[in-house]
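Undergrad: Have a look at the structure that comes next, please.
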Amino acid sequence: MGGLTLWGHRDSGHAAKVALALKLCGLEHRCEVVDIWAPRDSRPAAFLAKSPPGQVPLLEMDGLALSQSGAILLELGTRFGCLGGDSPDGLRRARALLMWEANRIGMCLPQLIEARRPGGDPFPEGAVDWLRGRYAADAAQFDVLLGEGPFFHGAAPGLGDCAIWGYTRWVAKADIAPTAAMADWLARMDALPEAEDAAVAFG
Ligand SMILES: N[C@@H](CCC(=O)N[C@@H](CS)C(=O)NCC(=O)O)C(=O)O
């Protein structure tokens, strides 16, 4: 089947990053839901055939099955010349922000959210305190990286904004306070009609 198909789930901030990028780039696509809380073997065979780890997001494009949210964002930006992918400087900025997000915010916040999920596996003693301490460092770095803004890529949102939005929009679910700069940036992001759409892309 041609066109773009994004497999995701409403609880996946990683899938939301890609949904937002697709919308901001104005790319027609369809969304398919995978129940990430169901056993892996029960997920659709068509999905598992293309995503051996059985994880979302997975983007089908031109016969390719693309995984890893950051890699998908870079593919979209460069292939379609959008969200900073259209210039060497924009792409350099995107790469740095995506690596930072994956190592910091994108590691810490999903785990803090998971630690509070009713029915989730308990975390080892001390793990949540360690994650909260790590988040404090992430939040300070967030403010420095955002700088004068208004977006991480300057006047308009780019690939880095999509990546960082995926989980920072759920700081309350992690029982964490945003910095003032983060709260202002989140308000700007959430005011984008594309972000409103991406937030409900999987129901
Ligand atoms: N590093 C991956 C993370 C992918 C990931 O952890 N996906 C989760 C949802 S956020 C998932 O599919 N979980 C179900 C499972 O692992 O079985 C990315 O950036 O795309």
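The values are calculated or read from the model by the stated rules, or taken from the named source; none is laboratory data. Note that the structure is a prediction, hence the values are computed from the model and not measured. Methodologically, a virtual Cβ is constructed for each residue, glycine included, from the backbone with ideal geometry; neighbour enumeration extends over all protein chains shown. In case anyone asks, the SASA skips ligands and DNA or RNA and just uses the protein heavy atoms, side chains included. Shrake-Rupley method; radii C 1.70, N 1.55, O 1.52, S 1.80 Å.
Undergrad: Treating cross-link reach as a plain straight distance, find the lysines whose alpha-carbon is under 22 Å from the alpha-carbon of residue 173, omitting any fewer than eight places away in the same chain.
TA: 17
Undergrad: A follow-up question, please. Using only the alpha-carbon atoms of segment 5-82, report the extent along each of the three principal axes, biggest first, to the nearest angstrom.
TA: Extents along the principal axes, in whole Å: 37, 25, 19.
Undergrad: Let me ask something else about it. Order the peptides 15-23, 56-64 from the highest to the lowest mean number of other Cβ atoms within 10 Å of their residues.
TA: Values: 15-23: 27.7, 56-64: 18.9.
Listed from highest to lowest mean packing, they are 15-23, 56-64.
Undergrad: How high is the relative contact order of the chain? Use alpha-carbon pairs under 8 Å, at least six apart in sequence, and give a whole percent. Show your work: numbers first, answer last.
TA: Values: 275 pairs, mean separation 54.7, N = 203.
This gives 27 percent for the chain.
Undergrad: Suppose the chain between residue 175 and residue 199 were pulled fully straight at 0.36 nm per residue; how much longer would it get relative to their current alpha carbon spacing? Could the numbers behind the result be given before it?
TA: Details: separation 24, 0.36 × 24 = 8.64 nm, distance 1.94 nm.
Value of the extension gain: 6.7 nm.
Undergrad: From Cα pairs below 8 angstrom and at least 6 apart in sequence, can you work out the relative contact order of segment 10-111, rounded to a whole percent? Display every interim value, and only then the final one.
TA: On the way: 81 pairs, mean separation 23.2, N = 102.
Averaging sequence separation for qualifying contacts and normalising by length gives 23 percent for segment 10-111.
Undergrad: Please report, as a whole percent, how much of the solvent-accessible surface of the chain comes from carbon and sulfur atoms (probe radius 1.4 Å).
TA: Details: 5260 of 9760 Å².
Using a 1.4 Å probe with all protein chains present, the chain comes out at 54 percent carbon and sulfur.
Undergrad: How long are the semi-axes of the equivalent ellipsoid of the chain, taking √(5λ) for every eigenvalue λ of the Cα gyration tensor, in whole Å from largest down? Write out the running numbers ahead of the final one.
TA: Numbers: eigenvalues 125, 111, 38 Å².
In descending order the semi-axes read 25, 24, 14 Å.
Undergrad: Something else now. Quick one: of the DSSP bridges fully inside the chain, what percent are antiparallel, nearest 5? Each step should come with its number before you reach the end.
TA: On the way: 8 of 12 bridges.
If I count the DSSP bridges inside the chain, around 65 percent turn out antiparallel.
Undergrad: So, counting K/R as plus one and D/E as minus one, what does the shell of residues with Cβ under 15 Å around residue 47 add up to? Before the final figure, lay out each step's value.
TA: Values: positive: 30, 40, 43, 50; negative: 32, 35, 41, 60.
Summing Lys and Arg as +1 and Asp and Glu as -1 gives 0.
Undergrad: Based solely on its DSSP helices, what 222 nm [θ] is calculated for the chain when runs of n ≥ 4 H residues each add -39,500 (n - 2.57) and the sum is averaged over all residues, nearest 500 deg cm²/dmol? The partial results should precede the final answer.
TA: Values: 9 runs with 105 residues, N = 203.
Only helices count here, giving -16000 deg cm²/dmol.
Undergrad: For a protection proxy built on the mean count of beta-carbon atoms within 10 angstrom, sort 26-36, 164-174, 192-202 highest first, please.
TA: Details: 26-36: 14.9, 164-174: 21.5, 192-202: 16.8.
Descending packing order for the listed peptides: 164-174, 192-202, 26-36.
Undergrad: Moving on to the next point. How large is the accessible surface per residue of the chain, computed with a 1.4 Å probe and reported in Å² as a whole number? Walk me through the numbers before you get to the answer.
TA: Numbers: 9760 Å² over 203 residues.
Per residue, the chain has 48 Å² of solvent-accessible surface.
Undergrad: A further question follows. log₁₀ I(q)/I(0) of segment 113-154 at q = 0.23, 0.28, 0.32, 0.35 Å⁻¹, via Debye over equal Cα point scatterers, no solvent, to two decimals?
TA: -0.77, -0.92, -1.04, -1.11
Undergrad: Ok, one more. Check the cysteines of the chain one by one and keep only those with no other cysteine Cβ under 4.7 Å from their own.
TA: 31, 108, 162
Undergrad: Return the distance in nm (one decimal) between the two label points of a simple spin-label model at residue 40 and residue 103, each offset 7 Å from Cα along Cα→Cβ.
TA: Taking the simple label geometry, residue 40 and residue 103 are separated by 2.7 nm.
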